[in-house]
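Report on the following structure.
The values are calculated or read from the model by the stated rules, or taken from the named source; none is laboratory data. Only a predicted model underlies this, so the values are computations on that prediction, with no experimental measurement involved. Ideal geometry is used to build each Cβ from the backbone, glycine not excepted, and the neighbour counts take in all protein chains shown. Areas reflect the complete protein model, heavy atoms only, side chains present, ligands, DNA and RNA absent. Shrake-Rupley method; radii C 1.70, N 1.55, O 1.52, S 1.80 Å.
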Amino acid sequence: MASLKQLSSKKELLTGGHRLCAGCGASIIVRQVLLAADTPVVIAASTGCLEVATTIFPYTAWRCSFIHCAFENAASTLSGVETAYRALKKKGETDQDMRFIAFSGDGGTYDIGIQALSGACERGHRMLYVCYDNQAYMNTGIQRSSATPLGAATTTSPAGKVLPGKTQNRKDLTEIIAAHHIPYVAQASPSRWNDLVSKAQRALQAEGPSFMNVLSPCPRGWRHPPNESIKIAQLAVDTCIWPLYEVAEDKWRLTYRPKQKPPVEEWLKTQGRFAHLFKGNNQQVIEQLQAEVDRRWEELLEKTS
Amino acid sequence: MGNLISMEGNQAAAEAMRQINPDAMAAYPITPQTEVVQTFAQFVADGRVDTEFVTVESEHSAMSACVAAAASGTRVMTATSANGMALMWEILYIAASTRLPIVMALVNRALSANINIHCDHSDSMGARDTGWIQLFCENGQEAYDSLIQAVRIAEHPQVRLPVMVCYDGFIISHAVECLELLKDNEVQKFIGEFKSVNSLLDISHPYTFGPLDLYDFYFEHKRQQIEAYGPAKQTVIEVGKQFGSLSGREYGLFEAYHLQDARLAIVLMGSAAGTAKEAVDRLRANGLPIGVLKLRAFRPFPSEELTQLLSRFEAVAVLDRAVSFGAAAGPLFTEISSALFASNHRPLLLNYIYGLGGRDIDIEDIQEVGKKLQKTAESGKVEQPFDYIGVRK
């Protein structure tokens, strides 16, 4: 692992001047992942905040080659790039060592794009797929996704007189991808940059598909001040809402163990999307969420022990 | 004389793909295209092609992978049918609008519901506005020949558009016919080396594909795309001529069969053109001045050429193997009548819908159309502008 000083002197492939919001997790995640790359890369992104904010014609914020095709197909699009690379290598038209990285939000990954991702994992393309999980469809205006946690208010799971925000638990996508038994799967947070960059390095070294699910705070959707994004991401890690672990060659390993495990309430109260849970009879939703987080954390401890 | 061999249409298409030897192919099996993918997979397994074959989990991913592989500077092919192409629909537009020279075999099949695996042209017609060049074939020979030509058309520097080669499910795909194949080196020489343009893998020139393109530029990009179909039309003609010099089988935008001395004409596409030619032969034997216009290029649509050709006719019947629900007529009729409207002399026009879901159309059916054309021409008025062939009430 390179030092922060070394990393900071590396040429960044995502330039400034793009139009992502202040405090957006996505650009921080992209920059951390790309710092791990030691070869030229080609990026594929699905339709979403990152794509629309970095490629407004006639400008591009990408210093490397980049392709956006559609919403649900970042994985199959990148499969095509990686396939072309193998074809050209076979013909002797390139001997350049390259890596292929997809960036997609939770909408493009957990929901509409899960089929393409699953197919690409099974076929074994050598590529890294990074989900920047901001826990809802933020680009279209904060609609719920299968990554949205229980109780969160979104524009399609609003808190109302009878419903306390989203009534379902979130899908555990990292474990779903781990079940594909690909060489490398990890969950990371931009608040632990060294952990994230190391994971990206291991993912890029893997001789096959690799996947990283990274929590991506969204000040607009989560309703918190932009300067608190990283703090809130770390609180998600510490409360075990978002545990940091990796599955390398089917070996499960916890990469960070919180010293204390504060109650989920500590994380919930940092964000406006959960404000309604602290009113009326919604305390039980917090209890349900705590029980679910505890249960999944215990399961993870068992898998990683 | 080349290599004469009997094979099914799908095998002929797969054989063309083997000889083209694309860098990449991403495809998903669907009836009646399945045999193309299976045969090609065997070529890969036997080391008879150099192609990287991507066995995707859906047609949506097939076209997505094709788009990306084409944007990465490789020659790319795929094949599908009906619902498979409907699933690709979103990405068909992206392939054409990104100006990527992908070649696809489309084995024409009816769209659901209800599910039906047999031929009609509703899949092609659903994709007519996507920006793909669409070439229709009468038989396996034309499917084979057109796939080879499609590579040249798609990759022409002034065209750079994807091409779908459409041939009728089962009627062509599963029928054994005697075909003449070119030699492998002749095909390679004809298609030439693939010339990469703006490749994602060219690391010294990074490109951004698929940017956000708003009201300040999108319209200009569409205009550029619209203007590519002029050169595309010329390229279909030129490549068809060059293919004629190589094989003795020349192609163009359409085929005129006995039109020169005819006053009545039947316009149609696909395998039924063969049936229509036989019907016309019989009608002509009885003295009817009738011919067939077999349209090959539905996109780019040869509006001016057809206007010039058809305006002097007394009566023309357009046979559609697809419908545009809620429209006054079938999609081919709409195009033909719209083209003819520009002319001061217009034939009387009849429209027939036939063959949906694989319903047979036979020689006698088309002879009936010929007789109706004659009656229309004699009376000087259209009694029934829209009718069906071979359907119960």
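At-a-glance table
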quantity: Exceeding the 21 Å Cα-Cα cut-off - candidates A:K161/A:K279; B:K233/B:K277; A:K231/A:K261; A:K166/A:K269; calculated: B:K233/B:K277
quantity: Over segment B:254-389, relative contact order from alpha-carbon pairs under 8 Å, at least 6 apart, %; calculated: 28
quantity: Check: chain B dipole with +1 on Lys, Arg Cβ and -1 on Asp, Glu Cβ, in debye; calculated: 840
quantity: Summed buried accessible surface, chains B and A, 1.4 Å probe, nearest 100 Å²; calculated: 3100
quantity: Sequence-separation-based contact order of chain A, relative, with Cα cut under 8 Å and 6+ spacing, percent; calculated: 17
quantity: Shape category assigned to segment B:192-267 from the gyration tensor of Cα positions, a/c cut at 1.5; calculated: oblate
quantity: Segment A:54-118 - Debye-derived log10 I(q)/I(0), Cα point model, q = 0.27 Å⁻¹; calculated: -1.12
quantity: Theoretical gain in end-to-end length, A:R220 to A:D95 [0.36 nm per residue, Cα-Cα removed]; calculated: 40.6 nm
quantity: 10 Å beta-carbon shell around B:A175, net charge (K/R +1, D/E -1); calculated: -3
quantity: Alpha-carbon gyration tensor eigenvalues x 5, square-rooted, for segment B:3-247, Å; calculated: 26, 21, 18
quantity: Exposed-loop-free span, longest in chain A, where GluC sites (Glu not before Pro) count as exposed if DSSP calls them loop and at most 11 other C-beta atoms lie within 10 Å; calculated: A:1-206
quantity: Accessible-area ranking of B:K195, B:K294, B:K277, largest first, probe 1.4 Å; calculated: B:K195, B:K277, B:K294
quantity: Average accessible area per residue (Å²) across chain B - probe 1.4 Å, nucleic acids and ligands excluded; calculated: 40
quantity: Cα-based Rg and Dmax for segment B:60-166, where Dmax is the largest Cα-Cα distance (Å); calculated: 13.0, 42
quantity: Minimum 30 Å² accessible area buried by the other protein chains, segment A:87-110 residues, probe 1.4 Å, relative to alone; calculated: A:A87, A:L88, A:K90, A:K91, A:M98
quantity: Rounded accessible area of B:H258 (nearest 10 Å², 1.4 Å probe); calculated: 80
quantity: Area accessible to solvent at B:D281, 1.4 Å probe radius, in Å²; calculated: 60
quantity: Heavy atoms of A:W242: accessible area, 1.4 Å probe, square angstrom to 10; calculated: 0
quantity: Chain A, accessible surface, carbon-and-sulfur percent (1.4 angstrom probe); calculated: 51
quantity: Rounded, prolate or oblate (a/c below 1.5 giving rounded, otherwise prolate when a/b exceeds b/c) for segment B:267-393 by Cα gyration tensor; calculated: rounded
quantity: Exposure ranking of B:R152, A:R19 by accessible area [1.4 Å probe, largest first]; calculated: A:R19, B:R152
quantity: Accessible area in the full protein assembly, largest first, 1.4 Å probe, for A:L235, A:L14; calculated: A:L235, A:L14
quantity: Among A:Y256, A:Y137, A:Y245: highest mean-square fluctuation, GNM of chain A, C-alpha pairs under 10 Å; calculated: A:Y256
quantity: GNM flexibility winner over chain B from B:N185, B:N114, B:N21 (Cα, springs under 10 Å); calculated: B:N114
quantity: Average partner coverage of B:91-104, which counts Cβ from other chains inside 10 Å; calculated: 1
quantity: Segment B:3-247, relative contact order in percent, only Cα pairs under 8 angstrom and at least six apart counted; calculated: 24
quantity: Cβ charges +1 (Lys, Arg) and -1 (Asp, Glu), total dipole of segment B:233-351, debye; calculated: 100
quantity: Residue among A:F57, A:F66, A:F278 with the largest mean-square fluctuation in a Gaussian network model of chain A, springs linking Cα atoms under 10 Å; calculated: A:F57
